[in-house]
Amino acid sequence: MGTLPKNDSLPTLMAKPERNIFAVYRDGNHRDNNWIVHAVRISVRVGIVFALWFTRSPHYQVLAAYMVLSEVIDQLAMLAVRQKESLRKWVGYIYVVNSVAAISVVGYFADWLLNDYFLVYLIHVSSATMGFGIGVGLVSFITSMLVYGAMLLGIHAPLITFLRIPIMAIIVLRIVVSQGRYEKAGEMIKNILDIEQAKKDFIAIASHNLRTPVAAIYGYIEVLLRGDAGTLNDQQKIYIQRIQSNNQELEKLTEQLLQVSILEVGREINLMKQPTQIEMLIQDEVNKLIPLAETKSLRLTFNKSRGLLPLVSIDVEKIKSVLSNLIDNAIKYTEKGNITVTARQEDGFIVVSVSDMGIGIAEEDLPKIFTKFYRSGNILVYNKVGIGLGLYLGRQIIELHGGKMTVESRSGQGSVFEFTLPILKEDILK
Ligand code: ADP
């Protein structure tokens, strides 16, 4: 799911107004369709009716009258479907029988040419197939064929004329096949949208409901560590601290899910910006994560630039979470060597970079790395905790600040993640 195109996601595609002329038949619903479609459709019909009328041939004039009649039948059928969608199939069958009867009666009395029958049936069967589904289309086809075949027999038509039946069958079958594909694709899209919706609902519900127990666990840990429930021995303290650090991980995941659920419903993550000296923030985060790096004998350092960097206007907590995720990843995906964080000024931006000497990222994975729930296929990655949301959210948060997040990496040769933040305007002017 994470690989769906971001700006042209399925719901957006579905929401685009339908300009297909057949959509009017297919959907049986005028309200949702573009007025241009109706205008074109009505103009084409009126044009054909006039053209037929002015031939002055009684055959074609009755054909013109039939077209007006069939329009009325169409409209009534669509009106009925619009009132009650569940009636679609039955309305379709009535539409078929009615139309075949109308074509036959009108054609018989007007002494239509066989060619006219042929053409009208074809148009009628196609629209029945497209408007009411394959089932109705097939019924329409069989009834039409029986009537048409009976007519040919009735007038002792030459054998060659019967060739029209298989020709018509081929044409109709092609329409039926594409209608089948259309219906199947529609169903698939609906299923995908349902799954997407279920996923969004699940994320929203799960993240909200996880927050409370996570907070409660913190509360009880504090009570225990304070000794309110009796003095703890060293072993017990170690276990409680482990529960605490696991709870922190759980809290991080919960927060990530919550932020994703906010983005999913099209809302922006709220930023509480304030002018900030980024070096302090970086130093704090680095200091916090040095103990974790040391557990893997990694050297984590912050290379400060010479002189103080200009201020940036940022949501401190959000940028902290972005940076801490980058450093945390660097530690997670590095087995030995150094992790270096730097910050510099460049073209009106502060550029923060986190480089490691770890497993790196394969070239084919690089474009997907910032996608929601994406985790690299590298086998080493599966041993690490994570759900593939850190970089996705990180990039969103940086972009909300007016910056960019990029990565350079090679498999087995470490990675460099960089993000930029615009320098506060007043500081540029100084
Ligand atoms: P998580 O780490 O929770 O899986 P992220 O969104 O932070 O989620 O990262 C997504 C994926 O990007 C990771 O699963 C990993 O495959 C890859 N990745 C991120 N940072 C690094 C890194 N420093 N080195 C190698 N791979 C990385």
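The values are calculated or read from the model by the stated rules, or taken from the named source; none is laboratory data. No experiment lies behind these values; they were computed from the predicted model shown. Reconstructed Cβ throughout: ideal geometry from the backbone, glycine too, with neighbour counts over all protein chains shown. Just the protein is used for accessible areas: all its heavy atoms, side chains included, with ligands, DNA and RNA removed. Shrake-Rupley method; radii C 1.70, N 1.55, O 1.52, S 1.80 Å.
Given a 10 angstrom Cα cut-off, can you work out which residue in Met405, Met67, Met357 is the most mobile in a GNM of the chain?
Taking springs between Cα atoms under 10 Å, the residue moving most is Met67.
Using 0.36 nm times the number of residues separating Ile240 and Leu193, minus their current alpha carbon distance, what extension gain do you get? Don't jump to the answer; show the numbers that get you there.
Working: separation 47, 0.36 × 47 = 16.92 nm, distance 4.30 nm.
Between Ile240 and Leu193, full extension yields an extra 12.6 nm.
Return one whole number: the accessible area per residue of region 34-157 in Å², for a 1.4 Å probe. Before the final figure, lay out each step's value.
Numbers: 6380 Å² over 124 residues.
It amounts to 51 Å² per residue over region 34-157.
For region 257-305, take N as its residue count and report Rg(C-alpha) divided by 2.2 N^0.38 Å.
Numbers: Rg = 16.1 Å, N = 49, 2.2 N^0.38 = 9.7 Å.
Compactness ratio reported: 1.67.
Out of Leu253, Ala198, Leu173, whose Cα points farthest toward the positive end of the dipole of the chain (charges: +1 Lys, Arg; -1 Asp, Glu; placed on Cβ)?
After comparing all options, I get Leu173.
Of the residues Gly348, Gly307, Gly358, which exhibits the maximal mean-square fluctuation in a Gaussian network model of the chain defined by a 10 Å Cα contact cut-off?
Looking only at Gly348, Gly307, Gly358, the largest GNM fluctuation is found for Gly307.
Accessible area per residue, 1.4 Å probe, Å², for region 273-428: what's the number? Each step should come with its number before you reach the end.
On the way: 7700 Å² over 156 residues.
Spelled out: the 1.4 Å probe surface of region 273-428, per residue, equals 49 Å².
Can you pull out the GluC sites (Glu not before Pro) in region 220-294 that DSSP calls coil and that have at most 14 other Cβ atoms within 10 Å? If you can, show how the numbers build up before the last one.
Values: sites: Glu222, Glu249, Glu251, Glu255, Glu264, Glu268, Glu279, Glu285, Glu294; in loops: Glu268.
Here the sparse-neighbourhood loop sites are Glu268.
Report, by chain and number, residues whose modeled amide H sits under 5 Å from the one on Phe302, excluding near sequence neighbours (fewer than 5 apart, same chain).
Val341
Restricting to DSSP H runs of at least four residues, report the calculated mean residue ellipticity at 222 nm for the chain, -39500 (n - 2.57) per run over all residues, nearest 500 deg cm²/dmol. Walk me through the intermediate numbers first.
Details: 13 runs with 263 residues, N = 430.
Rounded to the nearest 500, it is -21000 deg cm²/dmol.
Ranking request for peptides 76-89, 125-138: highest mean number of other beta-carbon atoms within 10 Å first, then the rest in descending order.
125-138, 76-89
Expressed as a whole percentage, what fraction of the accessible surface of the chain belongs to carbon and sulfur atoms when a 1.4 Å probe is rolled over the protein heavy atoms?
Numbers: 15170 of 24540 Å².
Carbon plus sulfur share of accessible area: 62 percent.
What Kirkwood Rh does region 34-157 have if only Cα atoms enter the pairwise 1/r average? Answer in Å. Before the final figure, lay out the partial values.
On the way: mean 1/r = 0.0659 Å⁻¹.
Answer for region 34-157: a Kirkwood hydrodynamic radius of 15.2 Å.
Restricted to Cα positions, what overall size does the chain have along the principal axes? Three whole-Å values, descending.
103, 58, 39
Taking 20 °C and 1.002 mPa s as the conditions, I'd like the Stokes-Einstein D for region 124-236 in µm²/s, using the Kirkwood hydrodynamic radius from alpha carbon pairs.
Numbers: Rh = 20.3 Å.
The diffusion coefficient I find is 106 µm²/s.
Take Arg174 and Leu76, extend 7 Å from each Cα along the Cα→Cβ direction, and tell me the distance between the two endpoints in nm.
About 3.3 nm separates the two model spin labels.
With +1 on each Lys and Arg Cβ and -1 on each Asp and Glu Cβ, and nothing else charged, work out how big the dipole of the chain is about its Cα centre, in Debye to the nearest 20.
Working: 45 positive and 41 negative charges, 111 e Å.
Dipole size: approximately 540 debye.
So if we plug the beta-carbon distance of Arg181 and Ala215 into 1/(1 + (r/R0)^6) with R0 = 45 Å, what FRET efficiency do we get, rounded to 0.05? Before the final figure, lay out each step's value.
Details: r = 51 Å, r/R0 = 1.14.
E between Arg181 and Ala215, to the nearest 0.05, is 0.30.
With a cut-off of at most 13 other beta carbons within 10 Å, and DSSP calling the residue loop, which trypsin sites (Lys or Arg not before Pro) in region 207-275 qualify? Please list them. It would help to have the intermediate numbers written out before the result.
Numbers: sites: Arg211, Arg226, Lys237, Arg242, Lys252, Arg267, Lys273; in loops: Arg267, Lys273.
Answer in residue order: Arg267.
Restricting the count to DSSP beta bridges whose residues both fall in the chain, what percent are antiparallel, rounded to a multiple of 5? Show your work: numbers first, answer last.
Values: 23 of 28 bridges.
Within the chain, antiparallel bridges account for around 80 percent of the total.
Helix 390-400 against the longest principal axis of the chain: what's the angle in degrees, Cα atoms only, rounded to the nearest 10?
With both axes taken from Cα atoms, the answer is about 80 degrees.
How far is the Cα center of region 327-379 from the Cα center of region 47-99, in Å?
If you average the Cα positions of each part, the centres end up 64 Å apart.
As an exercise, use a Förster radius of 56 Å and the Cβ-Cβ distance of Ala65 and Ile205 to find the FRET efficiency, rounded to the nearest 0.05. Mind showing how you got there, number by number?
Working: r = 60 Å, r/R0 = 1.07.
Efficiency, rounded to the nearest 0.05: 0.40.
Rounded to two decimals, what is the ratio between the C-alpha radius of gyration of region 273-428 and 2.2 N^0.38 Å?
Numbers: Rg = 15.1 Å, N = 156, 2.2 N^0.38 = 15.0 Å.
Dividing the Cα radius of gyration by 2.2 N^0.38 Å gives 1.01.
Which FRET efficiency value, to the nearest 0.05, is calculated for Ile134 and Leu271 with the Förster distance at 35 angstrom and r the Cβ-Cβ distance?
On the way: r = 52 Å, r/R0 = 1.48.
That gives a FRET efficiency of 0.10.
Compute the relative contact order of the chain as a whole-number percentage, counting only Cα pairs closer than 8 Å that sit 6 or more residues apart in sequence.
Numbers: 515 pairs, mean separation 44.6, N = 430.
RCO, the chain: 10 percent.
Of Lys200/Lys368; Lys184/Lys404; Lys200/Lys318; Lys252/Lys425; Lys273/Lys368; Lys318/Lys368, which pairs sit farther than 31 Å apart, going by alpha carbon to alpha carbon?
Values: Lys200/Lys368 20 Å; Lys184/Lys404 40 Å; Lys200/Lys318 22 Å; Lys252/Lys425 33 Å; Lys273/Lys368 29 Å; Lys318/Lys368 22 Å.
As for pairs spanning more than 31 Å Cα to Cα, those are Lys184/Lys404; Lys252/Lys425.
Using unit Cβ charges (K, R positive; D, E negative) and no other charged atoms, how large, in debye to the nearest 20, is the dipole of region 34-157 about its Cα centre?
Details: 7 positive and 5 negative charges, 63 e Å.
The dipole magnitude comes to about 300 debye.
Considering the chain as a Gaussian network with a 10 Å cut-off on Cα pairs, which listed residue, Phe419, Phe118, Phe54, attains the greatest mean-square fluctuation?
So, out of Phe419, Phe118, Phe54, the one fluctuating most is Phe54.
Given the options Leu309, Leu281, Phe373, identify the residue whose Cα lies farthest towards the positive end of the charge dipole of the chain (+1 on Cβ of Lys, Arg; -1 on Cβ of Asp, Glu).
In the chain, that residue is Phe373.
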